[in-house]
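Each remark here refers to the structure printed beneath this line.
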Amino acid sequence: MSALRTGIIGTGIAVNHAAALQAIPGVDLVGVDDIEPDRAAAFGAWFAIPRHAPDPESFLASGPDAAPVPVTPRSAVTTIRVIEPVLGSADPKGEL
């Protein structure tokens with residue numbers, strides 16, 4: 001079975017998320033996005049994450065299988081805008 005390719009949208013409170021994801025066998029942390037590109041790059045360097053994106057849409061277009069979104073009030077509007085299309089494509093059984 002191939003690894004689950006995941007990433008993080010929003011680095012402000014995501015240090016524990018990144019550490020936890022990297023500790024799970026079979027999960028590859030492959031990307032990061034933040035509203036501040038320099039912060040995404042620094043976070044990516046700290047956790048050896050190979051890619052960072054300038055916005056959530058570009059990040060999701062790069063093809064991760066999953067992306068935890070540590071939500072803060074500041075990022076809630078962006079989070080909703082990004083996940084609405086994903087939720088809208090779910091079938092009645094909850095499968096994408």
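The values are calculated or read from the model by the stated rules, or taken from the named source; none is laboratory data. Just so you know, these numbers come straight off a predicted model, no measurement behind them. Cβ coordinates were reconstructed from backbone atoms using ideal geometry, including for glycine residues, and neighbour counts include every protein chain displayed.
Tabulated results
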item: Residue match in the stretch 55-77 (condition: modelled with pLDDT under 60 and of a type in the set (S, T, N, Q)); result: yes
item: Hits in the stretch 5-31 - residues which are crowded, with 17+ Cβ neighbours inside 10 Å and part of a loop (DSSP other than H, G, I, E, B); result: Gly10, Thr11, Ala14
